[in-house]
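Asker: Sharing a structure below in structure tokens format, with a few things to ask.
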Amino acid sequence: MLKIENFSKKYYKNPNYSAENINIHVKTGEVFGLVGSNGAGKSTIIKSLIGVLPFSEGTITVNGYDIAKEPEKAKKFIGYVPDDHSVYDKLTGREYVNYIGSLYGATKEQKQTALEKTAKVFDISQVLDIQIANYSHGMKQKICILGALVHSPKLWVLDEPMVGLDPQTMYTLCKYIRDYANAGNSVLFSSHNLDTVKKTCDRVAVIKKGKLIKTVDLKEEPDFDLDKFFMEVNGVDIE
């Protein structure tokens, strides 16, 4: 579903790579996690993947479509939850989700069905007709999630989705991520929460200073100590 091959990215006038020679493949039905400290390059990878950041080194393909050469075709398969819950505050939640669905060509029936389903799951039905400006941080994050799912994307991408969510909603989101992948879709998400990653992901990539240090298959290595490895990579003595 997703192939990131030999991908590198520098920001303007910065001599150092924010992401260097990254290779990641995400299979259909898989939950793939990106972990790393602040500034490790996780968001650079994700924003390049969804087409927000241009890049000139390497390739990123979604369901066979090159994001640089065929961006509209590639993006049709992507649902994206940003790390800053960017939404249109003057719209109601329902208006926002329907607008996002329309951008992706979802029919009225598809939008209504998806909205009713996900709003119930994330317990936000009661505020759908309230202006988003009146939402709390957590509610804005939820409406971003609903917007990302309204067109039933084959690849669901989430950048630090747990920030600002209460424990109940975090549990609900993790379960939904797992169920979404099990239904034949793919999920890529970044997180600082190693416990969440271990419970939810099939595989995880550890990123440091723009480089992919190790990719771990948590199903094949269920006893792999991700916490210890992560701390060692980042120079933290846990003994």
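The values are calculated or read from the model by the stated rules, or taken from the named source; none is laboratory data. Remember, predicted model here, so these are calculated numbers, not experimental data. Every residue, glycine as well, gets a Cβ built from its backbone with ideal geometry; the counts of neighbours run over all protein chains shown.
Asker: With the range 1-87 as the region, which strands (runs of 3 or more DSSP E) entirely inside it contain at least 1 residues that are at negative phi and among the hydroxyl-bearing types (Ser, Thr, Tyr)?
Answerer: Counting at least 1 such residues, we get 2-10, 17-26, 57-62, 78-81.
Asker: On the basis of being in contact with a Phe, Trp or Tyr (Cβ under 6 Å, 6 or more places away or on another chain), without any contact (Cβ under 8 Å) to a residue 60 or more places away in the chain and either surrounded by fewer than 19 Cβ atoms within 10 Å (Cβ to Cβ) or over 22 Å from Ile4 (Cβ atoms) (or both), does Lys73 make the cut?
Answerer: Here the answer is yes, as Lys73 does meet what is asked.
Asker: What are the pairs with Cβ atoms under 8 angstrom where one residue, in the range 98-118, is free of Cβ contacts under 8 Å to residues at least 24 places away in the same chain and within 20 Å of Glu72 (Cβ to Cβ) and the other, located anywhere, is small (Gly, Ala, Ser) and buried (at least 18 other Cβ atoms within 10 Å of the Cβ)? Sequence gap at least six, or different chains.
Answerer: Pairs that qualify, where the first residue is free of Cβ contacts under 8 Å to residues at least 24 places away in the same chain and within 20 Å of Glu72 (Cβ to Cβ) and the partner is small (Gly, Ala, Ser) and buried (at least 18 other Cβ atoms within 10 Å of the Cβ): there are none.
Asker: Also, quick follow-up: Looking at the range 12-28, I want the residues that are under 15 Å from Lys42 (Cβ atoms) and at pLDDT 95 or above and have a partner that is of a type in the set (Phe, Trp, Tyr) and in a strand (DSSP E or B) with Cβ atoms under 6 Å, at least 6 apart or on another chain. Which pairs are those?
Answerer: Ile22/Phe7; Val26/Phe32
Asker: Separate question: Mind listing whichever residues of the range 136-158 are buried (at least 19 other Cβ atoms within 10 Å of the Cβ) and outside any helix (DSSP H, G or I)?
Answerer: Val150, His151, Pro153, Leu155, Trp156, Val157, Leu158
Asker: If I ask for residues that are in a strand (DSSP E or B) and either of a type outside the set (Val, Ile, Thr) or over 22 Å from Lys47 (Cα atoms) (or both), which ones from the range 186-217 would you list? Reasoning before the result, please.
Answerer: First, the residues of the range 186-217 that are in a strand (DSSP E or B): 186-190, 203-208, 211-217.
Hits for the range 186-217 are Ser186, Leu188, Phe189, Ser190, Arg203, Ala205, Lys208, Lys211, Leu212, Lys214, Val216, Asp217.
Asker: Then there's this: Taking Pro161 as meeting all but one of (1) in a loop (DSSP other than H, G, I, E, B); (2) in contact with a Phe, Trp or Tyr (Cβ under 8 Å, 6 or more places away or on another chain); (3) surrounded by fewer than 22 Cβ atoms within 10 Å (Cβ to Cβ), write down the number of the exception.
Answerer: (3)
Asker: Could you check the range 33-57 and list, in sequence order, the residues that are touching a helix residue (DSSP H, G or I) at 6+ places or on another chain (Cβ under 9 Å), free of Cβ contacts under 8 Å to residues at least 60 places away in the same chain and among the small types (Gly, Ala, Ser)?
Answerer: The answer is Gly51, and nothing else.
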